[in-house]
Amino acid sequence: MRAYVSFLVLPFLFLLAACGSMTSQDTSERAKIAPILTSEQAFDDQTFAKPQEARVTHLDLDLVMDFDAKTIGGTAILDVLATEGASEIVLDSNGLRISAVTDEAGNALEFNLGETVEGKGEPLTIQLPAQKLERPAGLAEGELAATHRIVVEYLSAPEAEALQWLSPEQTAGGEHPFLFSQGQAINNRTWIPTQDSPGIRQTWEATVSAPEPLNVVMSGVVQGDPEAVDGNRRDFRFEMNHPVPPYLIAIAAGNIEFRELGSRSGVWAEPETIEAAAQEVGDTEEMIDAGIALFGDYRWGRYDMIVLPPAFPYGGMENPVMTFLTPTFIAGDRSNNGLVAHELAHSWSGNLTTYASWRDGWLNEGVTSYIENRIVEEVYGKARAEQEYALSYAGLVGGIDDIGADNPATAMRSPDEISPFDTRGFAIYDKGTVFLRTVENMVGREKFDDWLTQWFDNHAFEPVTSEMFLADLREKLVAGDADLEKRLMLDEWVYGTGLPENAWKPDASAFAEVDGTVAAYAKDSTLPDAAVWGGWTAAEQQRFLEELPDELSSEQLSALDTTLGLSQAENNEVLFLWLKAALRNEYDPAVPQAERFLGRVGRNKFVSPLFSALNDTAWGKPIAQRIYAETRATYHAYTRSRVDEILQYEAPAEKAKPE
C-alpha cells in the first residue's frame with residue numbers, strides 16, 4: 001500500500017501583498033484561480049514550467065491565420081501569479097518563433113529560448129515586469145489574483161504538431177482549405193506560448209482573424225457575430241471563463257455550417273457532411289439530461305460539436321463546449337454514438353476534474369469511459385450498454401495477454417520507470433472502466449453514484465491525482481470497513497499491473513447468441529445467414545469479427561465477405577475489423593479496398609493497426625510501403641509518428657533550395 005501524500009495549495013498564493021507600482025486588472029467575469037498541487041504524484045515531468053514560483057492564470061490571444069504560410073501568429077497576453085521573490089517565469093515552447101516580449105506598456109522584457117529537448121520542446125524563460133498588477137477591489141481575503149502581465153509576440157512554425165493544415169482536396173467540399181488543432185498531450189506549446197501542463201489551469205480569451213468565407217470555432221464561448229475587417233477577412237472572438245488545462249484550448253476553421261440540435265447543443269460540419277452529422281448526433285440533448293441525472297450539473301453552458309475532415313487522428317477530443325469528432329463514427333444508425341457519450345462524459349471527468357500529471361491518464365479516460373457506459377445505458381438501454389462493456393472487457397483481457405500481465409504499461413497510473421505516454425490505452429480506458437464497475441457493484445450503485453457526484457462537486461475546475469481519488473473513496477465509501485477495503489483491492493487496481501482477480505465480469509448473456517455462432521464457425525466454418533447478420537447490433541457484429549480465428553484461408557475470407565457483405569459495411573468499426581482480418585491473412589481481393597480506406601481515413605485507431613497487419617508479412621510489407629508513400633502527407637502528425645515507427649519509415653531528404 002502506498003502512503004497518501006498530503007497535497008498543499010502553494011502557501012505563497014495566499015500571501016500576496018500589493019507593493020510597488022500597479023496597473024489595473026479586470027477579473028469580474030473570471031472564475032477563481034485554480035490551485036497548484038504540490039504532492040509527488042502531481043509533479044509533471046513533461047513541462048519546463050515552475051508553477052511553484054510563477055504560473056499563468058489567464059491567457060489573451062490575438063491571432064491571425066495564414067493558410068498559405070501554414071502559420072498562426074500574433075500576441076499572447078499572459079496574466080501571471082508569482083511569489084514575492086520571483087524574477088522570471090518559465091513557459092513551454094516547441095518551435096515557436098518569438099519576436100518580442102514586453103510588459104503592458106511596451107517595455108521590452110528579457111527572454112531566452114533554451115535548448116531543445118526531444119519530444120518536449122524548449123523552455124521560454126521571461127523576465128517578470130517590475131510593475132505589478134493592482135489587486136482587484138472587493139476581492140475576498142485569501143482569494144488569488146494575478147501579480148504580473150506580459151505580452152509575447154510570436155509565430156507558430158509551419159510544421160507545428162498541434163496544427164493540421166488541409167488543402168481543399170482533403171476536405172469534403174474540395175473548394176476551401178481547413179485547419180484544426182489537437183493539443184493533447186503536449187502539442188499546444190507548438191502554437192501557444194504558455195505553461196503547457198494539465199495541472200496549471202488557465203482561463204482564456206481569443207480574437208482570431210481568418211479569411212472569408214471560412215468560419216472559426218474554438219473550445220470557448222463565441223462572443224457575438226464575426227466582424228468584417230480589412231483584407232477580406234473576419235475576426236472571431238471567444239472566451240473561456242472557467243480555468244481549464246491548456247491542452248483543452250482548441251481551434252478549427254473551414255467552410256463549415258451549424259445545425260441546432262436543442263437549446264443547449266448543436267453541430268458544425270462541412271455542408272456536404274452536415275445533414276448526416278446532425279442526424280447521427282440527434283440524441284445529444286437526451287445524453288446531456290442523462291449525464292446531469294447521473295452525476296450532477298452540466299457546468300459548461302453549451303455542448304456543441306464539430307465533425308472534422310477524416311484526417312483527424314482520434315475518435316473524438318473533449319474540447320469544452322466544442323467537442324471535435326471524426327467523421328468515421330457516422331454509420332447512419334447511431335450505433336457508434338458511444339463516442340458522443342464518451343466525449344460528453346468528459347464534461348465531468350477530465351474537463352471538470354483533470355489529472356495534474358499525465359501519469360494519471362485513467363482519471364480522465366477510465367472514469368469517462370465508465371460514465372459513457374452509464375449514459376449509454378440511460379439513453380439506449382441496458383442490453384446495449386452491457387454489450388459495449390463486454391467489448392471493453394474483452395479488449396482489456398486481450399491487451400494484457402498480448403504484452404504480459406507484469407508489463408508496467410498495464411498499470412493504470414503510469415509507473416516512474418516508463419513514460420506516461422507508453423501506458424497502453426486499454427490500461428487507461430478499459431481497465432479504468434472495469435475498476436469503477438467493480439467498485440460500483442461491491443458498494444452498490446446508488447451509494448457509488450452519490451460518492452462520484454460529490455467528487456466532481458468538490459473538485460470542480462481543479463487538478464486531481466490518483467492518491468486524492470483513492471483517499472476520498474476510502475474516507476467516504478470504505479469508511480473504515482476493513483473487509484470492504486480488502487475486497488476492493490484499490491491499490492492493486494491503480495498501481496498494479498495486469499487484471500486484479502476481483503474484476504467485475506460482463507454478463508455472459510450479453511453475447512450469448514454471437515458466441516454460439518462463433519463456436520459454430522470455429523468448428524465447421526458455419527456462418528450466420530445474411531438476415532441474422534443484418535439483425536445483429538453493431539456491437540454483436542464487432543464481437544463476431546473480433547472472435548474469428550487469427551488464421552483464415554482465402555476461401556474462408558471469400559465466404560465471409562460474400563455471405564455477410566463485409567466489404568460493403570457502412571459502419572467503419574465493422575469495416576476496419578474485416579480489413580484487419582483480411583490483411584493479416586494476405587487476402588489479395590481486400591487490398592484495393594484497404595488502399596481506399598487508408599486514403600480517406602486518418603483516425604489512428606484504424607490506420608496504425610492496418611499498416612501493422614500489412615507490415616507483419618513479407619507479402620504485405622511492400623504494399624504497406626506503397627500505400628503509405630501516397631497517404632502519409634494526409635495524416636496528422638500523431639498518426640504519422642505511429643505509422644513511421646511501425647514501418648521504420650524515413651522520409652526522403654528534401655532537396656536543397658538553390659541559393
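The values are calculated or read from the model by the stated rules, or taken from the named source; none is laboratory data. All of these numbers come straight from a predicted model, not from anything done at the bench. Cβ: placed from backbone, ideal geometry, glycine included. Neighbour counts: every protein chain shown. With ligands, DNA and RNA removed, areas are computed over all heavy atoms of the protein, side chains included. Shrake-Rupley method; radii C 1.70, N 1.55, O 1.52, S 1.80 Å.
Here are the numbers for the structure shown:
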item: Selection count where residues are more than 19 Å from the chain's Cα centre (by Cα), among the small types (Gly, Ala, Ser) and not in a strand (DSSP E or B), scope segment 240-274; result: 2
item: Tally of residues being surrounded by fewer than 17 Cβ atoms within 10 Å (Cβ to Cβ) and part of a strand (DSSP E or B) across segment 219-232; result: 3
item: Where a residue in segment 103-119 is among the hydrophobic types (A, V, I, L, M, F, W, C) and its partner, wherever it lies, is in a loop (DSSP other than H, G, I, E, B) and open to solvent by less than 90 Å² (accessible area, probe 1.4 Å), with Cβ under 9 Å and at least six apart; result: Ala105/Pro129; Ala105/Gln131; Leu109/Asp103; Leu109/Leu128; Leu109/Pro129; Leu113/Leu96; Val117/Phe48
item: Unmet criterion (only one of (1) open to solvent by 10 Å² or more (accessible area, probe 1.4 Å); (2) touching a helix residue (DSSP H, G or I) at 6+ places or on another chain (Cβ under 9 Å); (3) of a type in the set (Asp, Glu)) for Glu272; result: (2)
item: Residue list for segment 339-352, filter: touching a helix residue (DSSP H, G or I) at 6+ places or on another chain (Cβ under 6 Å) and of a type in the set (Ser, Thr, Tyr); result: Ser349
item: Within segment 54-91, considering residues that are free of Cβ contacts under 8 Å to residues at least 12 places away in the same chain and of a type in the set (Asp, Glu), the one surrounded by the most Cβ atoms within 10 Å (Cβ to Cβ); result: Asp66
item: Given (1) open to solvent by 10 Å² or more (accessible area, probe 1.4 Å); (2) part of a loop (DSSP other than H, G, I, E, B), number of the condition Ser197 does not satisfy; result: (1)
item: Evaluation of Gly496 against (1) in contact with a helix residue (DSSP H, G or I) (Cβ under 7 Å, 6 or more places away or on another chain); (2) in contact (Cβ under 8 Å) with a residue 40 or more places away in the chain; (3) not aromatic (Phe, Trp, Tyr) (one fails), failing number; result: (1)
item: Selection count where residues are free of Cβ contacts under 8 Å to residues at least 40 places away in the same chain and open to solvent by 30 Å² or more (accessible area, probe 1.4 Å), scope segment 542-560; result: 10
item: Candidate set: segment 562-576, residues that are open to solvent by 30 Å² or more (accessible area, probe 1.4 Å) and either of a type in the set (Gly, Ala, Ser) or touching a residue at least 24 places away in the same chain (Cβ under 8 Å) (or both); chosen: the one nearest to Val607 (Cα to Cα); result: Glu570
item: Members of segment 109-123 that are open to solvent by less than 70 Å² (accessible area, probe 1.4 Å) and within 13 Å of Val151 (Cα to Cα); result: Leu109
item: Every residue from segment 136-155 that is over 22 Å from Gly73 (Cα atoms) and in contact with a strand residue (DSSP E or B) (Cβ under 8 Å, 6 or more places away or on another chain); result: Leu144, Ala145, Ala146, Thr147, His148
item: Residue count for segment 34-53, restricted to those that are small (Gly, Ala, Ser), touching an Asp or Glu at 6+ places or on another chain (Cβ under 7 Å) and either assigned to a strand (DSSP E or B) or surrounded by 22 or more Cβ atoms within 10 Å (Cβ to Cβ) (or both); result: 2
item: Residue in segment 137-150 that is at pLDDT 95 or above, part of a loop (DSSP other than H, G, I, E, B) and over 24 Å from Arg600 (Cβ atoms) present; result: no
item: Residue within segment 465-479 that is in contact (Cβ under 8 Å) with a residue 60 or more places away in the chain and surrounded by fewer than 19 Cβ atoms within 10 Å (Cβ to Cβ) present; result: yes
item: In segment 168-194, residue surrounded by the fewest Cβ atoms within 10 Å (Cβ to Cβ) [restricted to those that are more than 25 Å from Pro310 (Cβ to Cβ) and of a type outside the set (S, T, N, Q)]; result: Pro193
item: Single residue of segment 410-448 satisfying the filter (among the aliphatic types (A, V, I, L, M) and open to solvent by less than 10 Å² (accessible area, probe 1.4 Å)) that is farthest from the chain's Cα centre (by Cα); result: Val439
item: Residue match in segment 577-586 (condition: open to solvent by 20 Å² or more (accessible area, probe 1.4 Å) and within 22 Å of the chain's Cα centre (by Cα)); result: no
item: So Phe576, is it over 17 Å from Asp529 (Cα atoms) and in contact with a Pro (Cβ under 8 Å, 6 or more places away or on another chain); result: yes
item: Selection from segment 246-263 of residues that are open to solvent by less than 20 Å² (accessible area, probe 1.4 Å) and hydroxyl-bearing (Ser, Thr, Tyr); result: Tyr247
item: Selection count, segment 608-650, where residues are open to solvent by 50 Å² or more (accessible area, probe 1.4 Å), in contact (Cβ under 8 Å) with a residue 60 or more places away in the chain and among the aliphatic types (A, V, I, L, M); result: 0
item: Filter result for Lys621 (under 30 Å from Arg334 (Cα atoms) and out of contact with any strand residue (DSSP E or B) (no Cβ under 7 Å at 6 or more places or on another chain)); result: no
item: Matching entry among Asp457, Asp491, Asp401 (being out of contact with any helix residue (DSSP H, G or I) (no Cβ under 6 Å at 6 or more places or on another chain), under 29 Å from Gly291 (Cβ atoms), open to solvent by 20 Å² or more (accessible area, probe 1.4 Å) and part of a helix (DSSP H, G or I)); result: Asp457
item: Residue identified as at pLDDT below 95, of a type outside the set (Gly, Ala, Ser) and assigned to a loop (DSSP other than H, G, I, E, B) among Gln184, Gln164; result: Gln184
item: Candidate set from segment 92-108 (those that are more than 18 Å from Ala146 (Cα to Cα) and assigned to a loop (DSSP other than H, G, I, E, B)); member that is most open to solvent (accessible area, probe 1.4 Å); result: Asn107
item: Inter-residue pairs, beta-carbon under 7 Å, first modelled with pLDDT of 95 or more and in segment 444-459, second among the basic types (Lys, Arg) and open to solvent by 20 Å² or more (accessible area, probe 1.4 Å), 6+ apart; result: Trp451/Lys476
item: Condition broken by Lys605, with the remaining ones in (1) charged (D, E, K, R); (2) surrounded by fewer than 20 Cβ atoms within 10 Å (Cβ to Cβ); (3) free of Cβ contacts under 8 Å to residues at least 60 places away in the same chain satisfied; result: (3)
